[in-house]
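K.L.:
Below is the structure I would like to discuss, written out as structure tokens.
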Amino acid sequence: MSFSLPYKYINAEQLAEIIKSKPASALKEFAVVDVRDSDFVGGNIVSALNYPSDTFHATVDELVQKLETVPKVIFHCALSQARGPKAARIYAETRSHAHPEPAIQQEIFVLRDGFSGFQSKYRHDPELIEKFNKYYHD
């Protein structure tokens with residue numbers, strides 16, 4: 001029996017392209033969900049929704065409702081090695097139970113190398129990163 005992940009990976013360049021091609025009123029085309037906890041401070045991807053991993057189980061139902069009609073949802077944490085992929089999986093499972101026959105097919109992604117990799121490429125681009133403080137990242 002083969003096990004397939006409920007999400008795919010997206011790299012920093014692909015995400016940057018999506019963000020730059022859409023207006024900041026996002027939530028129609030895509031949503032970025034940042035599951036960092038106390039490490040959220042010091043910068044984030046523009047328009048990211050912060051749903052911390054330590055309370056993710058308690059807030060995932062609300063997130064599923066909020067993003068019900070969004071075609072692309074991108075999860076990440078600092079490195080996207082544990083918290084980001086775990087949240088993407090919980091979200092995918094919760095969504096499939098809440099919407100067994102969804103009106104809109106949704107693609108779920110995990111940002112490869114997380115915020116750390118993204119900010120190292122794009123920290124100076126205000127279209128992509130906001131509230132950046134290098135004190136937290138260097």
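The values are calculated or read from the model by the stated rules, or taken from the named source; none is laboratory data. Worth saying up front: this structure is predicted, and the values here are computed from it rather than measured. Note: ideal-geometry Cβ built from the backbone for every residue, glycine included; neighbour counts use all protein chains shown. In case anyone asks, the SASA skips ligands and DNA or RNA and just uses the protein heavy atoms, side chains included. Shrake-Rupley method; radii C 1.70, N 1.55, O 1.52, S 1.80 Å.
K.L.:
Under a point-charge model restricted to the Cβ atoms of Lys and Arg (+1) and Asp and Glu (-1), what is the dipole moment magnitude of region 26-82 relative to its Cα centre, in debye to the nearest 20?
P.N.:
Roughly 220 debye for region 26-82.
K.L.:
Using Cα pairs closer than 8 Å and at least 6 residues apart in sequence, work out the relative contact order for region 50-138, in percent.
P.N.:
32
K.L.:
Counting DSSP beta bridges with both partners in the chain, what percentage is antiparallel, nearest 5? Display every interim value, and only then the final one.
P.N.:
Numbers: 2 of 16 bridges.
Around 10 percent antiparallel, to the nearest 5.
K.L.:
Just how large is the dipole of region 52-138 about the Cα centre, in debye to the nearest 20, putting +1 at every Lys and Arg Cβ and -1 at every Asp and Glu Cβ?
P.N.:
Computed about the Cα centre, the dipole is about 280 debye.
K.L.:
Which percent of the accessible area of region 1-119 is formed by carbon and sulfur heavy atoms (probe 1.4 angstrom)?
P.N.:
53
K.L.:
Scan around Q81 for amide H atoms under 5 Å from its own, H built in the peptide plane at 1.01 Å from N, and keep only partners 5 or more places away or cross-chain.
P.N.:
none
K.L.:
OK, next. When each pair of different Cα atoms in region 10-75 is counted once in the 1/r mean, what is the Kirkwood radius in angstroms, to one decimal?
P.N.:
12.6
K.L.:
For P(r) over Cα pairs in 5 Å bins from 0, in percent, the choices are (1) 2, 10, 22, 24, 21, 13, 5, 2, 1, 0; (2) 2, 8, 15, 14, 11, 9, 8, 8, 7, 6, 5, 4, 2, 1, 0; (3) 2, 11, 15, 18, 16, 13, 10, 7, 4, 3, 1, 0; which was calculated from the structure?
P.N.:
Given (1) 2, 10, 22, 24, 21, 13, 5, 2, 1, 0; (2) 2, 8, 15, 14, 11, 9, 8, 8, 7, 6, 5, 4, 2, 1, 0; (3) 2, 11, 15, 18, 16, 13, 10, 7, 4, 3, 1, 0, the calculated one carries the label (1).
K.L.:
Rolling a 1.4 Å sphere over the protein heavy atoms, what is the accessible area per residue of region 1-106, to the nearest Å²?
P.N.:
Solvent-accessible surface per residue comes out at 53 Å².
K.L.:
In addition: In region 52-98, with Lys and Arg counted as +1 and Asp and Glu as -1 at Cβ, which of these residues, I74, A92, S53, has the Cα nearest the positive end of the dipole, that is, farthest along it?
P.N.:
Result: I74.
K.L.:
Here are some pairs, K22/K86; K28/K134; K8/K72; K28/K121; K28/K66; which of them have Cα atoms lying more than 19 Å apart in this structure?
P.N.:
Over 19 Å apart, Cα to Cα: K22/K86; K28/K134; K28/K121.
K.L.:
Test of understanding: what is the full-extension gain from S47 to Y136, defined as 0.36 nm times their sequence separation minus their Cα-Cα distance?
P.N.:
Values: separation 89, 0.36 × 89 = 32.04 nm, distance 1.96 nm.
Contour length minus Cα-Cα distance gives 30.1 nm.
K.L.:
I've got another one for you. Using Cα springs under 10 Å in a Gaussian network model of the chain, which residue among Q105, Q81, Q119 shows the largest mean-square fluctuation?
P.N.:
Q105
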